Amino acid sequence: MKEYCVILFQTVTQSVWTSRLLKKAGIERKMVPIPRSLSADCGYCVRVLRDDAQRVRELLDRSGVGCARIENYQ
Amino acid sequence: MSMHTGIFSHAQLADRIGMVLQAEKAAAVYFDNAATSFPKPPAVIGAVTDYMTRVGGNPGRSAHARSVDAGEAVFAAREAAAELFGASNPMRVLFASNATDALNLAVQGILRPGDHAVTTAMEHNSVIRPLREMEARGVALTVVPCPDGRLDPERFSRSVRGDTKLAVVNHASNAFGILQPLRDIAAVCRERGIVLLADCAQTAGIIPIDMERDGIDLLAFAGHKGLYGPTGTGGLVLAGGFDTALLRPLKFGGTGSNSDSEVQPDFLPDRYESGTLNAAGISGLNAGIRHIFSLQDGVKSVHSHKKMLADRFINGVRGSVRGFTGYVPAERIETGVVSFNIAGMEPSEVAYLLSERYGIMCRPGLHCAPLAHRTMGTFPGGTVRFSFGIFNTEEEIDLSIQALGEISSGKR
């Protein structure tokens with residue numbers, strides 16, 4: 001079974017930006033609702049494979065998307 | 001996913017749009033592009049239609065496909081605007097309903113009673129009215145005279161005081177097409193620690209702009225003029241180094257973020273974008289900006305096309321239109337905006353005859369810029385204004401010269 005992380009941001013604008021960056025980089029991603037256990041926000045976050053988490057972190061640091069939280073996702 | 005709109009397929013719709021635009025173009029000559037541009041590129045209409053018929057969701061409010069796609073459409077427009085203006089980060093593109101809305105956010109958001117602001121004598125009411133309102137609330141205001149319509153950076157520098165917080169400068173006049181020396185003014189602002197707000201309503205998509213290079217802190221733009229988006233679009237772009245603590249939001253409300261809090265978020269763009277955005281319009285705006293990018297030489301080609309049309313018009317009327325008075329030499333008109341009068345006639349009469357007899361649409365009067373008209377000596381009578389766009393042709397210029405020739409010689 002695949003293991004996932006979710007990347008949470010302050011604003012969905014960052015989520016959309018990240019989704020577009022990951023798409024360009026060929027990294028599997030999906031927009032999913034923010035898990036209630038992680039935040040009370042009604043928006044969405046970006047789900048990626050746990051194995052890609054480090055690559056994603058580096059990509060975000062390089063691109064200027066801004067602060068993000070990466071959490072394990074069941 | 002089906003590409004049917006329910007009434008027409010998208011391909012049928014595109015054909016119909018193309019036919020309608022061609023018919024409209026043939027029926028009239030539209031010289032009122034400084035008010036709002038027409039026609040819009042078919043891709044703009046297609047993008048709005050796509051949003052209205054397929055995308056449909058509220059950007060950033062949910063994780064279903066329509067909301068996600070709407071968020072993508074809005075973000076694509078942020079990226080396009082950031083690229084167009086040389087902004088460092090698309091998160092610093094804030095959408096507003098027009099340039100006036102963006103200017104109000106900046107002016108009201110920055111100034112506090114006791115501050116001093118400087119502006120020019122070439123401003124549109126979208127700048128001078130908010131500033132006069134702030135003056136009534138206790139802000140000191142200096143309006144720097146602009147002989148011949150141009151702001152002298154030296155004179156501007158002398159108007160700056162120790163308590164000057166904001167300078168608001170019209171990049172190009174909506175009534176006269178004169179460009180201000182923004183980079184020289186920015187240098188003064190940098191040196192004196194003043195925030196520079198540039199009103200680029202008339203230059204976005206027409207004059208190449210690079211916020212970092214040009215030293216602009218805040219850039220207000222209209223989406224529906226030189227960017228060929230729908231009405232109801234515009235925005236404020238913040239330079240990379242601009243400290244958002246200086247700018248209070250004008251509106252507070254739902255953002256789709258921090259929903260557990262009753263307090264406005266402090267991060268971009270949500271701090272300044274409360275309530276549902278005009279996602280349909282912004283989708284069109286994205287297509288409009290990308291249309292400009294798609295032109296060979298992009299913004300530069302728009303600039304040269306407009307200069308060519310203005311030159312052809314001014315050279316053509318000389319000698320063939322009796323009693324023609326222009327107010328700015330052709331070489332100083334940068335944005336395809338020409339103000340003029342015909343001796344013995346009111347501007348509104350000239351515009352009416354042009355419209356009724358020749359199908360030439362323009363704008364007479366003061367163009368919401370009484371200050372600029374005072375500066376240029378055309379207040380209160382105003383002028384006839386022709387403002388050319390990317391779809392105007394040399395043939396249309398020649399037709400208008402012929403029409404003005406007939407009107408001026410009394411063949412009405």
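Summary table below
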quantity	calculated
Calculated diffusion of chain A, Stokes-Einstein form, Kirkwood radius summed over Cα pairs, 10 °C and 1.306 mPa s, µm²/s	132 µm²/s
Size of region B:310-412 as Cα extents on the principal axes (Å, biggest first)	32, 28, 23
Label-point separation in nm, B:D266 to B:R150, each point 7 Å along Cα→Cβ	4.5 nm
Reduced Cα scattering model of chain B, Debye log10 I(q)/I(0), q = 0.06, 0.13 Å⁻¹	-0.25, -1.12
Shielding by other protein chains, A:15-21, mean Cβ within 10 Å	5
Relative contact order of region A:4-73, defined on C-alpha pairs under 8 angstrom at six or more residues apart (%)	48 percent
Probe 1.4 Å, all protein chains present, accessible-area order of B:K300, B:K40, B:K306, B:K165, largest first	B:K300, B:K165, B:K40, B:K306
Relative contact order of region B:308-412, defined on C-alpha pairs under 8 angstrom at six or more residues apart (%)	35 percent
Whole-Hz ³J(HN,Hα) from phi, Karplus 6.51 cos²θ - 1.76 cosθ + 1.60, for region B:109-123, glycine and proline x	x, 9, 7, 10, x, x, 7, 10, 10, 10, 9, 10, 7, 10, 6
Region B:255-356, relative contact order in percent, only Cα pairs under 8 angstrom and at least six apart counted	17 percent
Span from the region B:161-238 Cα centroid across to the region B:48-78 one, whole angstrom	29 Å
Cα-projected label distance for B:E135 with B:S320, points at 7 Å along beta-carbon direction, nm	4.4 nm
Segment B:M361-B:R66, length gained on full extension (0.36 nm per residue, minus Cα span)	102.3 nm
Computed E for B:D115/B:F293 - FRET, C-beta separation, R0 35 angstrom, nearest 0.05	0.35
Extension gain, B:Y352 back to B:T53 (0.36 nm per residue minus Cα-Cα distance, nm)	103.8 nm
Inter-chain Cβ neighbour average for residues B:55-62, partner chain, 10 Å	3
In Å², nearest 10: area of B:D115 left accessible to a 1.4 Å probe	30 Å²
Shielding score for B:251-260, defined as the mean number of other chain Cβ atoms within 10 Å	4
Under-16-angstrom lysine pairs by C-alpha in the protein assembly as shown, whenever the two are 8 or more apart or on separate chains	4
Buried solvent-accessible surface, both chains (A, B), 1.4 Å probe, Å² to nearest 100	1700 Å²
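The values are calculated or read from the model by the stated rules, or taken from the named source; none is laboratory data. Predicted, not measured: the structure shown is a model, and the values here were computed from it. Every residue, glycine among them, receives a Cβ derived from its backbone with ideal geometry; neighbour counts consider all protein chains shown. These accessible areas exclude ligands, DNA and RNA; they are computed on the full protein's heavy atoms, side chains included. Shrake-Rupley method; radii C 1.70, N 1.55, O 1.52, S 1.80 Å.
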